[in-house]
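Please read the structure below before turning to the comments.
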Protein chains: 2
Amino acid sequence: MKVRVLVRLKPGVLDPQGRAVHHALEGLGFAGVVDVRIGRVIEIDLADGTSDEAIDEMCRKLLANMVIEDYAVEKLGQAEHA
Amino acid sequence: MKVRVLVRLKPGVLDPQGRAVHHALEGLGFAGVVDVRIGRVIEIDLADGTSDEAIDEMCRKLLANMVIEDYAVEKLGQAEHA
């Protein structure tokens, strides 16, 4: 089973990487960019039957820094990213 | 309009960061982890009406390194991440 974890900075936390990309996009001539935020996407191939609690624990213990980051878990169908 | 760009290493490209996380998860006692791949998620708040071509061009020119990375663009509804 495939799981996608999105780890993003909490709202309000300064995102210098996003600021840099925003600035670079404007420098390349792209108009209409209002905001850019950058996070991580972690795709985990797990044994079928791994519990949601175990996945949450992975996120809290290792994948996300809960002080400044939020995470979201999305389960991917078997067909996607086959 | 909000757009989410997922930038991931192409299949076959070595992902040392993913390997390190895989190893760390096993070290923490999580069983059943088969594979871990790590990429970036870039959430861009764009002026309404920005064309798909412009978004593709942003990805190719700046957001993804097309030699080793693939990207996928997902449009987020106004309700999400409001």
Checking the structure you have, find out if any residue of the range B:50-58 is facing chain A (nearest Cβ under 7 Å) and either closer than 17 Å to A:R8 by Cα or touching an Asp or Glu at 6+ places or on another chain (Cβ under 7 Å) (or both). no
Is it the case, given these coordinates, that B:D15 is among the charged types (D, E, K, R) and exposed (fewer than 12 other Cβ atoms within 10 Å of the Cβ)? no
Scan the range B:35-47 and give yes if some residue there is within 21 Å of A:R40 (Cβ to Cβ), part of a helix (DSSP H, G or I) and not charged (D, E, K, R), otherwise no. no
Out of A:V21, A:V5, I need the residue that is touching a helix residue (DSSP H, G or I) at 6+ places or on another chain (Cβ under 8 Å), without any contact (Cβ under 8 Å) to a residue 40 or more places away in the chain and within 10 Å of chain B (Cβ to nearest Cβ). Which one? A:V21
Can you work out which of the residues in the range A:59-71 that are assigned to a loop (DSSP other than H, G, I, E, B) and not small (G, A, S) is nearest to the other protein chains (Cβ to nearest Cβ)? A:N65
What do you reckon, is A:E74 closer than 19 Å to B:L6 by Cα and more than 10 Å from chain B (Cβ to nearest Cβ)? yes
If the requirement is being within 15 Å of the chain's Cα centre (by Cα), of a type in the set (D, E, K, R) and buried (at least 20 other Cβ atoms within 10 Å of the Cβ), which of these qualifies: A:R60, A:R37? A:R37
Whether any residue in the range A:13-33 is in contact with a Gly (Cβ under 9 Å, 6 or more places away or on another chain) and over 25 Å from B:V3 (Cβ atoms) is what I want to check. no
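Bear in mind these aren't lab numbers, they're just calculated from the coordinates by the rules spelled out. These numbers were taken from a predicted model, which means no experiment stands behind them. Backbone-built Cβ (ideal geometry, glycine too); neighbour counts: all protein chains shown.
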